[in-house]
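J.: Would you mind keeping the following structure in view while I ask a few things?
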Amino acid sequence: MKKILIIEDEKSIAELERDYLEINGFQTDIELTGDAGLRKALNEDFDLILLDVMLPHMDGFEICKRVRSSKEIPIIMVTAKKEEIDKIRGLGLGADDYLVKPFSPNEMVARVKAHLSRYERLSSKQHESQELYIRGLFIDRTSRRVFVNNQEVTFTTKEFDVLTFLAMNPNQVFSKEQLFERIWGLNSTGDISTVTVHIRKIREKIEHDPSNPEYIDTLWGAGYRFR
Ligand code: CA
């Protein structure tokens, strides 16, 4: 049975999340403060975390960042403020998705299911070639580490997923829509411009001259191609 960790200080919301998840066959655990939530997330095994942003002792941003540095499980942020959406997207925290309160509990369950199945798909694919070496760029898929000319470079979860996907499918053109669907999933609420932002960030990290890329080509009107 899949186990979901709910970190949420409003008890009524935490219980609503728990009830809907349990009706749908998930096991849940609730933590009401940020520090206790982080401890539990790091010390126990969960399949997904539903993470409120405003929490006592430690906020959801910090928790997300710290969990992400050691775990790959899906994290769905829950926020009461629309203004925080840009922050969730922009900080490179590695959150997989977000929900804005008040949200429909069925929508929440649908997102949880979608992220769990995508995560399973991604992890089952990892039996394929684990190490990629392309002209000074080294990708170790097992430890999810990237080295550029022997120097380790830090990637967010999605940046790593986009880079690895392209590198494993060289010389194929993928449109932004295709990349978005592959990496973020159809149920994601983000938009296509996320893809452009991620490609730019990846180039800044791997390309000698990002304006004249030697790894990821842009084919205007068509998409991207890894060389
Ligand atoms: Ca809160």
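Each reported figure results from applying straightforward, stated rules to the coordinates on display, with no laboratory input. Since the model is a prediction, treat every value here as computed from it, not as a measurement. Note that each Cβ is placed from the backbone with ideal geometry, even for glycine, and that neighbours are counted across all protein chains shown.
J.: Helix 34-43 against the longest principal axis of the chain: what's the angle in degrees, Cα atoms only, rounded to the nearest 10?
T.: Computed tilt is about 60 degrees.
J.: Within the stretch 1-28, what residues put their amide N at less than 20 Å from the label point 7 Å along the Cα-to-Cβ vector of ASN43?
T.: 3-9, 28
J.: Out of the trypsin sites (Lys or Arg not before Pro) in the stretch 79-188, which ones are loop residues according to DSSP with at most 10 other C-beta atoms within 10 Å? Can you show the working numbers first?
T.: Details: sites: LYS81, LYS82, LYS87, ARG89, ARG111, LYS113, ARG118, ARG121, LYS125, ARG135, ARG141, ARG144, ARG145, LYS158, LYS176, ARG182; in loops: LYS81, LYS82, ARG135, ARG141, ARG144.
Answer by residue number: LYS82, ARG135.
J.: Same structure again: With a/c under 1.5 counting as rounded, go ahead and sort the stretch 72-122 into rounded, prolate or oblate using the C-alpha gyration tensor (a ≥ b ≥ c being the square roots of the eigenvalues; past the cut-off, prolate if a/b is larger than b/c, else oblate).
T.: The shape class here is oblate.
J.: Also: Among PHE61, SER117, LEU21, which residue has its Cα furthest toward the positive end of the charge dipole of the chain, with +1 on Lys/Arg Cβ and -1 on Asp/Glu Cβ?
T.: After comparing all options, I get SER117.
J.: With a ≥ b ≥ c taken as the square roots of the eigenvalues of the C-alpha gyration tensor of the stretch 83-220, please select rounded if a/c is under 1.5 and otherwise prolate if a/b is larger than b/c or oblate if it is not?
T.: Details: a/c = 1.92, a/b = 1.58, b/c = 1.21.
The shape class here is prolate.
J.: Angle between the Cα long axis of helix 11-23 and the longest principal axis of the chain, 0 to 90 degrees, nearest 10?
T.: That helix lies at roughly 70 degrees to the long axis.
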